[in-house]
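Just so it is clear, none of the values below were taken in a lab; they were calculated from the coordinates. Only a predicted model underlies this, so the values are computations on that prediction, with no experimental measurement involved. Note that we place each Cβ from the backbone using ideal geometry, even for glycine, and neighbour counts take in every protein chain shown.
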Amino acid sequence: MSGQVIKTVFLLIVCIFVKNVFAQPAYTIPYINAEIIIDGKANETVWQSLPEITGFYNYLPTDVGLADNQTSIKLFHNGEYLYVSAVYNDTESRTQVSSLKRDVPIGLSDGVVMLLDTQNQQQNAYYFSVNAEGALIDGLVERTSESFDFTISWNAVWQAKTHINGTLKQYEMAIPLKALNYNKNKAIFGIQFYVRDIKKNAWTILKNVKRNYRLFDLRFTEKFSVESLPNITASRFTLTPSITSNYENDVDEKDEEIKFKPSLDLQYNLSSSLKFDMTINPDFSQIDVDQQVTNLSRFAIFFPEQRNFFLENSDLFSNLGVLGVNPFYSRRIGSDSDIQFGLKLSGNMSSKTRIGVLNVQTDQENDIASQNYGVLVAEHQLTKNFTTTGYFINRQETDGFEFSDDYNRVTGINLNYKSDNNKWIGLANYSKSLSDGISGDNSFYNAGVWFNKRGLNWNTSIRKLGKNYITDIGFTPRLYNYDALNEVLVREGYIQTSSGVEYEKFYEKSRTLNSIRYANYGVNNYFDDDGTLSQSQHFFNSAVFFKNLSAVYFVVNYDYVDLKYGFDPIGNGNSLVPDIYRFATLKMGYNSANNQRLRYQVNVQKGTYYSGKRTTGGAYLNYQLLPFANLEVSYDMNYIDLNELGKETFHLARLTGEIFFNNRLNWTTYVQFNTQADNFNLNSRLQWEYKPLSYVYLVVTDNFTQSFTRKNWGVAFKMNYRFDF
């Protein structure tokens, strides 16, 4: 008996040992006290001594097997920079890119991408990319409720160069360690590389990922141990002063104004994984204008945040809810009045705990009171599979240095689950809001599950919002119903159930087909608090993807609406009356392949709309005159006929023209025509990056009515300079 016990214990010890051995990182980033010149050639002696990392897999247009065109990777650091060499073995010497401008996504260019999860927590990561003409793209990958997404609005000072050596496309990067959030005591990075060859419309990837997962899914990274990471970053803080001169002319009000605005941004590294940001009197006149849309729904539309101060570690703040219900929406801050200052502390307190603290103060402006906005978020990895997040959000009116009794507060807790086999994701949310003079029916809860494997995915969820779940700096559009008959806004709680399933089959051996999406079905049901069905939305889509990844598709939408309040979709004062409406549309379209110099998309849609009819057409055209220019044109038309209530045609057109003088100097012009908003807008921006992340901007904005009567116009000049101490 004792012998059997000894054998069992021995086998258990062996199993644990083997598991630990095989759990070790596959690769090492060595520390080497050497410096290199970033020129893309990688011809310094140190590169020859490093092991080569290769064995890239196919991702698209096929995700089967090793790639024919392989890439070799080499990495090391010297305590100050992380150096990366990537050599892509192409079959032709020519290159193709879509832009020379910084932060234009690499999807339409030849180039290489590195994802750097420096905490190895699969929650967020740095995104560094360079295209074949040397244009830099940097950003952040963030976990969302059911997947991962990334923003390119975050920037760092780093270097990258490319070199074309026959059919070898060589890339060299130098990334300052001071720009990264890491833990010296847990020196394991999760890293993914993928390479884009737009000429072949192909993606290849280091860690094998099937196409049903996103390229930047952080659950699929190779583990790299990093030797001798420095304890304290070489640079402690960054200072960026700026000045803005702005001329505004309001033609309607016959008013003109000249403003001069100094600003200051500071970032201080408390440690390699915890950062403090401060902005004083910020100006955001240089950011891109929002892309206008035609809104035929009864609710507000979400627009993404583009202001850099709110973006680093933004997944801590922006993923506190779910699609359509988010207790924190940073675009609310500063939308009505200027920001005086903002403070943010974000990063890792330990290897498994992240925190985010945000405080922003806005000015009083006319009858709009000054406000203080505060957010506290803590995220902790409970186990390998479970992560929890708790938060507290506060908006409070201020009078000088005093707080008034006008406030709104939201608190909540989330629980995320991800399975070991990466096929299952779960999410549970619970939240309450507290507002001055309002109590009861102030909760939000949600539970959802997602399943994903190659060719098949499905999801289901349920959520409930009380009518008093008020989030003054959140995004809960469906809570607010505008009654066009009585011209009042009615707040109503609701219950929502959602489900979806998608089945796609891949044809690896076909000469014509890449895949067929046989079915993509989704349904959203909305119920009143008493359980009465108020709306049911059904969506069905099918598509055929050809070998070059062009596609033809159709979409069927069906809606059941128990309309309780008057709705004026065409804005002529004649409202739909409360009643039960059933309507459906059929949409068909074609998308050309992405690797052509001339890309285009077309679609047509026809069907019913409430008590009337709807006809829609759309077109998109992109012509690349690179490396000098890029031109995009889009147009959408919506014709609505509501019989005796009237008819209207909404036109939405957008033209984007970009001229590239080099990688640092470009001129971008947006022209947008939106008849629903009665707006013809021109925004033209000259941007010069005269030093890394130090810019000069000249921005001209002009707004007209659709009949081309000028409403207002302005000119802004902005210059900043970045100091690294």
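Could you work out Rg/(2.2 N^0.38 Å) for segment 101-257, with Rg from alpha carbons only? It would help to have the intermediate numbers written out before the result.
Details: Rg = 19.3 Å, N = 157, 2.2 N^0.38 = 15.0 Å.
The reported ratio for this selection is 1.29.
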Leaving out same-chain residues fewer than 8 places away, which lysines sit with a Cα under 22 Å from that of LYS613? LYS564, LYS587, LYS647
Length gain on complete extension for the stretch ARG582 to ASP68, per 0.36 nm per residue less the alpha carbon to alpha carbon distance? 179.8 nm
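In the calculated pair distance distribution of segment 195-264, what percentage of Cα-Cα distances lie above 21 Å? Before the final figure, lay out the partial values.
Numbers: 1647 of 2415 pairs.
I get 68 percent for the Cα pairs in segment 195-264 exceeding 21 Å.
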Cross-link list LYS261/LYS432; LYS169/LYS344; LYS199/LYS509; LYS184/LYS261: which exceed 29 angstrom alpha carbon to alpha carbon? LYS261/LYS432; LYS169/LYS344; LYS184/LYS261
Distance between Cα centroids, segment 429-476 to segment 685-719: provide it in whole Å. 39
Quick calc: nm separation of the 7 Å Cα→Cβ label points for ALA629 and GLU402 -> 6.1
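Over 25 Å between Cα atoms, which of LYS691/LYS718; LYS101/LYS186; LYS275/LYS691 qualify? Please report the intermediate quantities before stating the final value.
Details: LYS691/LYS718 15 Å; LYS101/LYS186 36 Å; LYS275/LYS691 23 Å.
Correct reply: LYS101/LYS186.
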May I ask for the angle, rounded to the nearest 10°, between helix 2-22 and the longest principal axis of the chain, with both axes built from Cα atoms and the value confined to 0 to 90°? 70
Kirkwood Rh, Cα Rg: Rg to Rh for segment 388-480? 1.13
Can you pull the one-decimal nm distance between simple spin-label points at LEU533 and TRP458, each 7 Å off the Cα toward Cβ? 2.0
So what's the back-of-envelope 222 nm ellipticity for the chain, counting only DSSP H runs of four-plus at -39500 (n - 2.57) apiece and dividing by all residues, rounded to 500? -1000 deg cm²/dmol
Reduced Cα scattering model of segment 594-647, Debye log10 I(q)/I(0), q = 0.12 Å⁻¹: -0.44
Using the Cα centre of segment 102-238 as the reference point, and only Cβ charges (+1 on K/R, -1 on D/E), how large is the resulting charge dipole? Debye, rounded to the nearest 20. 200
Segment 2-226: Rg to Rh, with Rh as the Kirkwood radius over Cα pairs: 1.03
Report the Cα centroid-to-centroid distance between segment 317-373 and segment 46-103 in angstrom, as an integer. 38
Rg/Rg_ref, the chain, where Rg_ref = 2.2 N^0.38 Å and atoms are Cα: 1.01
For segment 2-226, share of DSSP beta bridges that run antiparallel, in % to the nearest 5: 95
Please report the spacing between the Cα centers of segment 602-640 and segment 387-413 in Å, no decimals. 42
Value of relative contact order over the chain, rounded to a whole percent, pairs C-alpha under 8 Å and six or more apart: 9
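Lys and Arg at +1, Asp and Glu at -1: add these up for the other residues within a Cβ distance under 10 Å of TYR610 and post the number.
Values: positive: ARG582, LYS613, ARG614; negative: ASP559, ASP579.
Around TYR610, the surrounding residues sum to +1.
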